[in-house]
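J.: Dumping the structure here so I can ask a few things about it.
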Amino acid sequence: MPSATRTGEARVLPVTDQERSASGTAFLLLVAVCTAVTAANIYLAAPLLPLIAHSFGTTASGVAWIASTAQLGYAAGLLFFAPLGDGVDRRRLVGGLSLVAAGALAAAAAATGTAALAAAVLVASAATVVPQLLVPLVAARAPADRRARHVAAVISGLFTGVVAARVLGGLIGQAYGWRVVFGGAAVLTALLGLVTARALPREDRPRRTGPLFAGLASLPGIVRRSPDLWRACVRQAGLYGAWSALWTSLALLLTGPRYGLSTAVAGLFGLFGLSASAVAPLAGGLVDRFGAAKVVRCAYLAAAVCVPLFWLGGHTLAALVAGAVAIHAALVASHVANQTLALTTTSAPATANTAYVVANFAGGALASALTGPAYGHWGWSGVCAVAATWLLLGWTATAVRRPRA
């Protein structure tokens with residue numbers, strides 16, 4: 001990883017025993033668990049939408065926008081907080097953001113209306129950028145020939161958290177109410193965030209002389225100067241948008257008249273997302289061996305097959321199961337490849353990673369925001385059409401190679 005040379009950025013230190021421990025098994029496990037807990041916060045609302053709607057006397061499709069609010073909040077938090085990883089002490093940043101997220105989740109548990117709940121979810125998601133502060137640290141200290149594998153280990157934790165949010169959130173919400181889910185998430189977020197912050201290695205941070213959010217201002221230039229980063233951003237936004245459209249609307253289909261499942265049973269459907277956690281290490285090895293481009297190409301082909309499977313899933317449960325497994329595998333393989341590329345294509349990995357993840361979640365938020373109206377007007381077929389459109393846009397927009405700056 002090239003050393004950062006601009007004022008206010010971290011200087012990559014020579015490899016020491018402490019840094020080697022930062023890439024060790026115990027540290028990776030802690031980072032993966034912290035990532036799982038914090039990433040789950042973004043998706044807590046999705047499986048609870050029917051319960052939230054009943055609590056506030058409205059319809060499930062009428063509160064679907066809360067799920068997209070979480071993703072927009074996360075994208076906003078990434079814009080402002082994640083670039084600070086290049087020049088601010090990560091220990092204080094991780095600890096502080098974890099406490100803010102925990103406080104917002106507690107406020108969500110006590111919300112008295114949809115507006116208050118959405119505002120709390122927005123703040124909690126904006127502060128839930130801890131995983132994207134940890135991934136560049138792990139990648140920077142990993143051996144070059146195993147970097148994608150180390151990144152994949154953290155991404156496994158991320159997708160495990162996504163699955164846990166749907167499965168455990170649905171089960172606990174059905175048994176004890178949706179407010180208990182948010183309250184429990186607040187406690188876990190504070191605990192894991194503070195423990196992880198304490199375990200982070202110390203970094204050599206030069207005295208900051210520029211603006212605090214200089215990384216935010218540099219985002220357009222970094223993307224413009226790196227065609228590989230731009231391509232990773234757009235392609236992952238397309239695939240994540242397709243996944244988000246299908247996955248955030250799944251509870252509406254499963255609890256609707258076609259299947260008539262309870263929130264708890266519908267939440268168990270998220271167990272098929274565990275395919276993502278299993279695929280991540282394999283994808284990391286393939287990226288290290290064959291390169292990111294080939295892995296992303298295969299992931300897009302798999303995702304293209306998933307859309308008709310999900311469409312058939314509106315009538316056949318077996319097709320829905322097959323689509324759920326395949327779309328998670330495609331998403332995580334593409335994510336491992338594109339994020340590894342984003343982290344290694346510039347001398348400011350935290351800022352480049354911010355551009356990548358902001359594009360990712362902005363694509364997901366826009367897609368999921370369209371799925372509510374699409375589901376209301378055209379049913380499940382409308383949701384599948386949104387997913388297909390996002391895949392088409394993500395690939396065709398990057399099909400022509402941009403000239404290298």
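J.: Could you give the length gained on full extension between Val265 and Ala304, defined as 0.36 nm per residue of separation minus the Cα-Cα distance, in nm?
T.: On the way: separation 39, 0.36 × 39 = 14.04 nm, distance 2.74 nm.
Gain in length upon complete extension: 11.3 nm.
J.: Could you please report the charge total around Ala299, scoring K, R as +1 and D, E as -1 over all other residues with beta-carbon less than 14 angstrom from its beta-carbon? Walk me through the numbers on the way to the answer.
T.: Details: positive: Arg231, Arg235, Lys294, Arg297; negative: none.
My count for the surroundings of Ala299 gives +4.
J.: For n ≥ 4 DSSP H runs only, could you compute -39500 (n - 2.57) per run for the chain, divide by its residues and tell me the 222 nm figure to the nearest 500? If you can, show how the numbers build up before the last one.
T.: On the way: 18 runs with 306 residues, N = 405.
Using -39500 (n - 2.57) per qualifying helix, the result is -25500 deg cm²/dmol.
J.: Quick check on the range 291-405: take the gyration tensor over C-alpha atoms, sort the square-rooted eigenvalues as a ≥ b ≥ c, and tell me if it's rounded (a/c under 1.5), prolate or oblate. Display every interim value, and only then the final one.
T.: Numbers: a/c = 2.27, a/b = 1.78, b/c = 1.28.
Taking the square roots of the gyration eigenvalues as a ≥ b ≥ c, the range 291-405 is prolate.
J.: Something else: Decide, for the range 23-72, between rounded, prolate and oblate: order the square roots of the alpha carbon gyration tensor eigenvalues as a ≥ b ≥ c, take rounded if a/c falls under 1.5, and otherwise choose prolate if a/b is larger than b/c, else oblate. Walk me through the intermediate numbers first.
T.: On the way: a/c = 6.32, a/b = 3.35, b/c = 1.89.
It is prolate, given that a/c is not under 1.5 and a/b is the larger ratio.
J.: Can you work out the Karplus-derived ³J(HN,Hα) for every residue in the range 362-378? Use 6.51 cos²θ - 1.76 cosθ + 1.60 with θ = phi - 60°, whole Hz, and x for glycine or proline.
T.: 5, x, x, 5, 5, 5, 5, 5, 7, 6, x, x, 5, 5, x, 8, 10
J.: With unit charges on the beta carbons (Lys and Arg positive, Asp and Glu negative) and the dipole taken about the Cα centre of the chain, which residue among Gly85, Ala329, Tyr176 sits farthest to the positive side?
T.: Gly85
J.: Using only the Cα atoms of the range 152-192, build the gyration tensor, take square roots of its eigenvalues as a ≥ b ≥ c, and label the shape rounded, prolate or oblate: rounded if a/c is under 1.5, else prolate if a/b is larger than b/c, else oblate.
T.: Oblate, since a/c reaches 1.5 and b/c is not below a/b.
J.: Suppose a student asked you for the relative contact order of the chain, using Cα pairs under 8 Å spaced at least 6 residues apart; what percent would you report?
T.: Values: 770 pairs, mean separation 108.2, N = 405.
Reported as a whole number, the value is 27 percent.
J.: Please report the spacing between the Cα centers of the range 37-115 and the range 213-264 in Å, no decimals.
T.: 15 Å
J.: Okay, moving on. GNM on the chain, C-alpha springs below 10 Å: top fluctuator among Tyr43, Tyr74, Tyr259?
T.: The residue that fluctuates most here is Tyr259.
J.: How far apart, in nm, are the 7 Å Cα→Cβ label points at His315 and Ala278?
T.: 2.9 nm
J.: Rank the residues Leu309, Leu261, Leu301, Leu317 as a footprinting-exposure proxy: fewest other Cβ atoms within 10 Å of their Cβ go first. The partial results should precede the final answer.
T.: Values: Leu309 21, Leu261 18, Leu301 11, Leu317 14.
Taking fewest neighbouring Cβ atoms as first place, the list is Leu301, Leu317, Leu261, Leu309.
Taken together, the values in this text are just the output of simple stated rules run on the coordinates, not laboratory data. Since the model is a prediction, treat every value here as computed from it, not as a measurement. Here Cβ is always computed from backbone atoms with ideal geometry, including for glycine, and neighbour counts include all displayed protein chains.
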